[in-house]
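**Student:** One structure, pasted below without further comment.
The values are calculated or read from the model by the stated rules, or taken from the named source; none is laboratory data. Keep in mind that what you see is a predicted model, and the values were worked out from it rather than measured. Counting neighbours? That spans all protein chains shown, and the Cβs are built from the backbone with ideal geometry, glycine included. Heavy atoms of the whole protein, side chains included, go into the accessibility calculation; ligands, DNA and RNA do not. Shrake-Rupley method; radii C 1.70, N 1.55, O 1.52, S 1.80 Å.
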Amino acid sequence: MTAELIVSGVGTVRPEGFDFKTALGRRGYKYLPTASQYFLAAAKRALADIGQDDTLEAVDAERRAAAVGTNSAAASLHDAMDRTVMETGAADLSPVLAPYFSINLFGSRLAMEHELKGFNVTFVSPRVAGLEAIETGQRALAAGRAGWLLAGATEQVLAEGEPGADTSEAGAVALVLEPAAAVAARGGRAYGRVAVRSFFLPPALAAGAHGAERARVLVDGALEVLGHVPDGPLPITAVLDDSPVGEAFAAALGERAERVRAGAGCLEPVARVAAALADRSGPARLVLTAAAEGNAAVCLVTPGGPDTGVGTRPETQAETQAEARAEARAEEGGG
């Protein structure tokens with residue numbers, strides 16, 4: 001039987017006022033790309049949320065894993081590298097930053113610092129990468145690849161002139177997922193459960209006469225897999241752009257969904273998931289997102305959980321931020 005997974009820790013980082021020296025320490029982080037600094041800081045907060053000394057060390061390093069999504073972590077760095085090569089030559093590339101031309105390295109420092117030896121995977125699918133990190137990470141845990149997961153998303157502002165620069169995202173969200181039994185055994189906090197299903201709507205089909213109908217079929221099919229009956233009374237947050245794909249999903253969901261303007265990256269959908277979890281007394285809700293390229297994903301968020309000591313700790317960072325950024329809830333449910 002697959003162990004039930006619970007989100008036991010939440011960490012978020014916003015770019016406003018962010019100082020890596022304060023968030024991470026004065027030494028060893030100066031030359032890391034900003035997106036790496038963001039995710040390291042979000043992970044640090046998530047680990048503090050669960051009580052790092054009591055939990056992380058209790059899990060074998062080979063059973064700890066990470067999955068992170070990003071769309072623009074390396075974009076500004078690549079832009080700067082290109083300009084350096086064109087203007088003065090490759091010899092002037094920074095030897096410290098040059099290795100980060102590979103997007104997979106953005107999570108490497110995290111894995112080294114916390115000995116995450118089970119796996120460390122980076123996802124880059126447009127807009128859904130953060131939700132895919134949660135989805136694939138949970139599947140890997142279900143398959144026995146690891147027993148503890150740190151998953152989330154990180155983004156950095158796009159360079160001026162880059163496509164999507166006017167809707168850039170920046171910051172990070174990190175979630176700790178572990179077996180519910182382990183959380184209950186130590187009297188830990190249960191934020192709730194998340195279940196993700198990703199799928200694809202071809203842009204040409206989305207732009208056609210039956211685009212909304214096809215989008216509805218995809219959403220309903222995903223919810224059936226997640227164990228939710230379509231058209232059930234659940235609030236929906238839809239993070240969408242105005243592309244044919246985004247409009248198809250918006251039409252499929254109709255007025256039952258709260259529509260949120262999508263940014264250029266994959267951060268906002270995961271931030272919405274984190275906010276829903278932080279409101280542990282709130283109802284279950286769906287967070288759906290889709291990209292112009294056709295990638296789409298839906299996350300079923302079920303706040304709260306079994307008796308795992310909820311209410312035995314002071315208010316957390318995640319709850320404080322959720323109050324400050326409380327999202328408007330749809331009056332009518334959807335599914």
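**Student:** Looking at the structure I just gave you, is Gly11 in the same structural domain as Val173 (by the TED database), under 30 Å from Gly188 (Cα atoms) and modelled with pLDDT under 80?
**Tutor:** no
**Student:** Does Leu234 meet the test of being touching a His at 6+ places or on another chain (Cβ under 8 Å) and buried (at least 18 other Cβ atoms within 10 Å of the Cβ)?
**Tutor:** yes
**Student:** Separate question: Do we find a residue being surrounded by fewer than 20 Cβ atoms within 10 Å (Cβ to Cβ) and touching a Ser or Thr at 6+ places or on another chain (Cβ under 9 Å) anywhere in segment 261-273?
**Tutor:** Checked segment 261-273: at least one residue is surrounded by fewer than 20 Cβ atoms within 10 Å (Cβ to Cβ) and touching a Ser or Thr at 6+ places or on another chain (Cβ under 9 Å).
**Student:** Then there is this: With respect to Ala181, determine if the residue is under 17 Å from Ala291 (Cα atoms) and either touching a residue at least 24 places away in the same chain (Cβ under 8 Å) or open to solvent by 30 Å² or more (accessible area, probe 1.4 Å) (or both).
**Tutor:** Here the answer is no, as Ala181 does not meet what is asked.
**Student:** Being in contact with a Leu (Cβ under 7 Å, 6 or more places away or on another chain), outside the structural domain of Ala297 (by the TED database), among the small types (Gly, Ala, Ser) and open to solvent by 10 Å² or more (accessible area, probe 1.4 Å) is the requirement here; does Ser102 meet it?
**Tutor:** Considered against the rule, which asks whether it is in contact with a Leu (Cβ under 7 Å, 6 or more places away or on another chain), outside the structural domain of Ala297 (by the TED database), among the small types (Gly, Ala, Ser) and open to solvent by 10 Å² or more (accessible area, probe 1.4 Å), Ser102 comes out as no.
**Student:** Moving to a separate point now. Kindly establish whether Val96 is open to solvent by 30 Å² or more (accessible area, probe 1.4 Å), closer than 22 Å to Arg261 by Cβ and in a loop (DSSP other than H, G, I, E, B).
**Tutor:** no
**Student:** Which of the residues spanning segment 2-44 are farther than 14 Å from Leu110 by Cβ and of a type in the set (S, T, N, Q)?
**Tutor:** Thr2, Ser8, Thr12, Thr22, Thr34, listed by residue number.
**Student:** Restricting to segment 284-301, and then to whatever is open to solvent by 10 Å² or more (accessible area, probe 1.4 Å) and at pLDDT 95 or above, can you tell me which residue is nearest to Val194 (Cα to Cα)?
**Tutor:** For segment 284-301, the residue satisfying everything is Leu300.
**Student:** Consider segment 149-167. How many of its residues are more than 16 Å from the chain's Cα centre (by Cα) and either closer than 23 Å to Gly11 by Cβ or modelled with pLDDT of 95 or more (or both)?
**Tutor:** Final tally of qualifying residues: 1.
**Student:** Quick check on this structure: which one of Ala165, Ala151 is surrounded by fewer than 17 Cβ atoms within 10 Å (Cβ to Cβ), of a type outside the set (Asp, Glu) and under 24 Å from Leu77 (Cα atoms)?
**Tutor:** Ala165
**Student:** Suppose we filter segment 33-49 for residues that are surrounded by fewer than 22 Cβ atoms within 10 Å (Cβ to Cβ) and either touching a Leu at 6+ places or on another chain (Cβ under 9 Å) or not in a helix (DSSP H, G or I) (or both); how many remain?
**Tutor:** So the count comes out to 4.
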